[in-house]
Structures are given as C-alpha cells and as structure tokens.
Amino acid sequence: MRGNARIARTAAPLLLVLAATVAGSAAQAQCALSGAVATPEPAWVQGGASADTGPWLHAAGVATAGGTGMTLERARGEARNAALAELGQQIQAEVRTRITSELNKVTAEGRTRTSESFRSMSEVLSRVQVRGATVVAEWSDVPGCRLWQRVRVAADEAERARRAATSDAAAAGIGERMASARDATLGAAQRQAALAEAGELARLADPALTSGYSRDAFELQRAELEGQLVAARGREDQYRAAMLRHVQAYARAGQAAAGGERRGAQQQALEALEQAVSLAPAGVPGYTPPFQPPERLATLFAEMNAGCVGRQWFERRSLPLPAALRSAGGGSGSAGAANAAGAACDAERVARERRALALSGRTVALDCSLTLAGVAGGARSAWPKACTALQAALVADGAVPVAAGAKADLTASVHASGQIEERRDADSGRTGWRFRGKVATRLRGSGNLDLADEYEGLTGFNPVSATMAGDLLALAVVQRLDKALTAFWDAK
C-alpha cells in the first residue's frame, strides 16, 4: 500500500506537465496566426509616428486570433472593426470638445449638467460612422496570437463625419435642454440656463445635416420661453424677497412686547407673506420655508383679531380653511373667544377688520386744505374741520396721528377747491348755503395702499351759514373716503 502511494505521488507532477504540454499544443494549433512569420512590432501599433503622408486620419485595432473556429479572415474582420471603432472615438472626442467649448460660453449659474453628462449626445455619438476607410497596414503578434490592422480615412471624410456628428449631437442636446427649460418643477434660474445652453448648441446644429431639425422652429420656441422665464424669474425673486421680509418681521413680532411695536411687526409680517403667497401659491422650486405659509397666514390673521378677513382671503382663492380660522370670527385667546361668540362675518365686520389691519398702531400724517373763490383772494388755506373729522375716523381704527409733514407710516391728504353758493327763498325769505367744486383725497402707505379719489363735490343747502357748508363738505369727504377704502380693500 505504501509503495502504491509513492507511485501516485510521483506520477501526479508528471501528469500535470503532460496536461500543460497538451494544452499548449492545442492552443498553438487553434491560433489563426500559427503559420505566420514573426516580425518586429511596428511603431503604429503603439500609436507612434507613421511614414505615411497626406491628409489622412489613422487608427489601429487588434483582435485575438485564438479560439475554436477562429480563422484568419475572421480575425482580420474583428481587427478592422476595432480600428473603425477607434476612428469613431477620435471623432467623438473632437465633437465633445467642440460642444463643450460652446457650452462653456454660458454662465455657470444655475447649470445642473455638464456637456459630458447629457444622455442625448452620448447616444448620438455612439452611432458615429465614417465612409471610405481602408486598411493600410497589418501586423501579426505571433507569440501573443493577436492580429493588428491599421486603417485610414481621408481628412475631408473625417471632417464630414465630425460636422454631421456635431450637428446631430447638438440637435439632440437642444431637445433635452428645451425640455428642461419647460419643466416647471425646476427653478427659473435653472430653466434659463438650460435655454441659454440650447441657444449655444443651436450654433452647431445644421438643418442640412440633421433631419428633423428646424432652426426657425427653435427660434420661435426660444423667444416664447424667454418671455415666460423672465417673468417667472421675476416672480421667484419677488417671492424670496417677500419671504425674507416676512421671516424678519415675524421674528421681531415674537420678540416685541404687546402693543404698537408688536402690532406693527405683525402687520409687516402679514403683508409680506400675503404678497409671497399671492405671487406663488405653491411656492417656488428650490425654496422650502421652515413653516407652512397657509398655516402661518391663518395664525397671523387670528392673532390680529381679523379672522373674518382671513376667512375671506382663503375662500376667495378656493383654498382649504386652516384650523385657526374655522370659528365664526377666528382669533386667539380671550379675543378669539369673543370673536367666536360674536356676530358672523358680515360686510360691516369685514370692513372694520380691514381698517384695523391697515391702520392700527400706524402713524399717520394729515394734510387738509380748502380753496374758495372770493375768500382771501382765492388762496389755498388750512382746512381744520376736514383734518379733525379725518383724524377722528383714523384714530377710531387705531391710527396714531403725527404732525403734518412728519415721517409717518401713512399719509392722508384732502384738498377741495370751489365756491360757496348762496340761495334765498323768495317766499320764506330764508337763505341757504352749499359748496360746489372739486375734491381730491389720497391715502398712501405700506401694504400697497395707494388710494386716490377725485370727484365733483356738492353739498345740500344748509340754513345756518357759509362756514357750515364747508363743515358739511368735510364730513361728506370722510364718509366717501371710508367707502372708497372699503371698496379698495375688498378688491384685493
């Protein structure tokens, strides 16, 4: 038994050597180059200089000439195909360089992709083909059982292939970038960058070389999108600016003590957020505030005891009503409980809340004047009665009067110009007076408040005095201004 084991151990190495020898002989027999004469490796195999001259583009390809059923002709075909593929890759690289050079002219702001990454160009370039390529050299690597072939193509044919590939790839890239420019889920800056890149690629796309591409159609589409994107970019910029103002004002309101300072900050926060949500109800791509704008709006309306105005704001936009405004009058705390138990949101209550939202805690400067024909030479003079009546109405809504000409949150002006007409009743002998002329009122302030009202003023006859005619006009002016303000806010 021990003798048999020694024989087995001795025979094993011999079997391995024999197997290797047989395998080597088989591989040599299967190599299609077994009959070729070994020659030194030429320089072109490794990309070295060529002795050929003339306007040519060269490339080399290699094929393994071993394996079952491999013939010399098949190896030559594979080597030639590899060389043609190398030609195509050279052209691809030059096309990529051309396209990248054009795209680099576009500012990098907002770009989301580079010229190397968009799929369309890669797919098109993978199909680059050249015509008229011929084999100009062949070399057999006998020990390695590999066959090399060198092909060349005329330079003008290579340039034709470059131009066609450049145009096809550029047209494909234009289509992809125009799709991005139309994508409303992207920010306006990204969409504008995509459109700008499409414009640069259009310099390289040639309708004569690329079937289905129309330069005129592209220019029409680009012009239409440019206008849309300029407007969208403007809205996004305004939205972000309004959101920033809101966040800053809301922070100030949270730090301020109860009173005028807090009320003013809340008003600014509400106005800014209303503007932002009106500009972009669903927000803008790439900008996510750390709160829900509708919920924040509802909270501000409720905290400022303007629940009815808040309800109306959401209802007019067909938006779901947040929980903070679902009670009859909205509100929070003790004020909210009072609102909930109070009257429904009728027109009078909405108007009252709107006035308080716009005026409460804000400073207002008044300017009132009256010009009467035949009085003081027809010169303009102060009109105390109008300012007194106007101030009383504004103060009732929470405004804080300041001296005329002083810096204020709101400015209110009333100017009347006309004459006092006198009438005597022939039967009773009684006399009456009235004003006839023109009246101009204006109220300006934050929150896009800019109300101008000009009209023909006419009072009824009063039996007291000419002065009373001016006083009645002042009261009529304040009543009309109140109605005009209600209509102005109701239209928002």
*Under the condition of being assigned to a helix (DSSP H, G or I) and among the aromatic types (Phe, Trp, Tyr), which residue from region 455-490 is farthest from Glu422 (Cα to Cα)?*
Trp489
*Would you confirm whether any residue within region 93-106 is farther than 21 Å from Gly199 by Cβ and either surrounded by fewer than 18 Cβ atoms within 10 Å (Cβ to Cβ) or at pLDDT 80 or above (or both)?*
yes
*Restricting attention to region 285-326, which residues are small (Gly, Ala, Ser), buried (at least 23 other Cβ atoms within 10 Å of the Cβ) and not in a helix (DSSP H, G or I)?*
Ala306
_Residue within region 423-431 that is surrounded by 19 or more Cβ atoms within 10 Å (Cβ to Cβ), modelled with pLDDT under 90 and not basic (Lys, Arg) present_ = no
*Check whether at least one residue in region 424-431 is within 30 Å of Gln312 (Cβ to Cβ) and of a type in the set (Asp, Glu), and report yes or no.*
no
_Would you confirm whether or not region 213-235 contains a residue that is within 30 Å of Leu359 (Cβ to Cβ), free of Cβ contacts under 8 Å to residues at least 60 places away in the same chain and touching a helix residue (DSSP H, G or I) at 6+ places or on another chain (Cβ under 7 Å)?_
yes
_Selected residue [modelled with pLDDT of 90 or more, under 23 Å from Ser360 (Cα atoms) and not charged (D, E, K, R)] from Ala241, Ala223, Ala251, Ala232_ = Ala251
*Please find, within region 132-174, the residue that is farthest from Arg203 (Cα to Cα) out of those that are part of a loop (DSSP other than H, G, I, E, B) and hydrophobic (A, V, I, L, M, F, W, C).*
Val142
*Condition broken by Asp206, with the remaining ones in (1) part of a helix (DSSP H, G or I); (2) over 30 Å from Asn305 (Cβ atoms); (3) touching a helix residue (DSSP H, G or I) at 6+ places or on another chain (Cβ under 6 Å); (4) of a type outside the set (Phe, Trp, Tyr) satisfied*: (1)
*Test Ser381 against the stated conditions and say whether it is surrounded by fewer than 16 Cβ atoms within 10 Å (Cβ to Cβ), in the same structural domain as Asp482 (by TED's automatic domain parsing), part of a strand (DSSP E or B) and touching a Leu at 6+ places or on another chain (Cβ under 8 Å).*
yes
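Listed here are the residues, each with its yes/no results for (1) small (Gly, Ala, Ser); (2) in contact with a helix residue (DSSP H, G or I) (Cβ under 8 Å, 6 or more places away or on another chain); (3) not assigned by TED's automatic domain parsing to the domain that holds Pro463.
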{"residue": "Ala399", "(1), (2), (3)": "yes, yes, no"}
{"residue": "Ala406", "(1), (2), (3)": "yes, no, no"}
{"residue": "Ser413", "(1), (2), (3)": "yes, no, no"}
{"residue": "Lys438", "(1), (2), (3)": "no, no, no"}
{"residue": "Arg442", "(1), (2), (3)": "no, no, no"}
{"residue": "Leu449", "(1), (2), (3)": "no, yes, no"}
*Would it be correct to say that Glu422 is over 52 Å from the mean Cα position of the chain (by Cα), among the charged types (D, E, K, R) and assigned to a strand (DSSP E or B)?*
yes
*asked:* Restricting to region 176-198, name every residue that is under 22 Å from Glu94 (Cβ atoms) and surrounded by fewer than 23 Cβ atoms within 10 Å (Cβ to Cβ).
replied: Glu176
*Output the residue which, of all residues in region 182-203 that are charged (D, E, K, R) and not in a loop (DSSP other than H, G, I, E, B), is farthest from the chain's Cα centre (by Cα).*
Glu200
*asked:* Between Thr68, Thr53, Thr112, Thr21, which is under 30 Å from Gly199 (Cβ atoms) and at pLDDT below 80?
replied: Thr112
*Look through region 442-491, keep the residues that are touching a residue at least 24 places away in the same chain (Cβ under 8 Å) and charged (D, E, K, R), and return whichever of them is farthest from Gly374 (Cα to Cα).*
Asp490
*Could you say which residue among Ala298, Ala306, Ala257 is over 25 Å from Ala184 (Cα atoms) and out of contact with any helix residue (DSSP H, G or I) (no Cβ under 8 Å at 6 or more places or on another chain)?*
Ala257
_Quick check on this structure: which one of Val439, Val402, Val414 is in contact (Cβ under 8 Å) with a residue 60 or more places away in the chain and more than 41 Å from the chain's Cα centre (by Cα)?_
Val414
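The values are calculated or read from the model by the stated rules, or taken from the named source; none is laboratory data. Not measured: the values here are computed from a predicted model. Ideal geometry is used to build each Cβ from the backbone, glycine not excepted, and the neighbour counts take in all protein chains shown.
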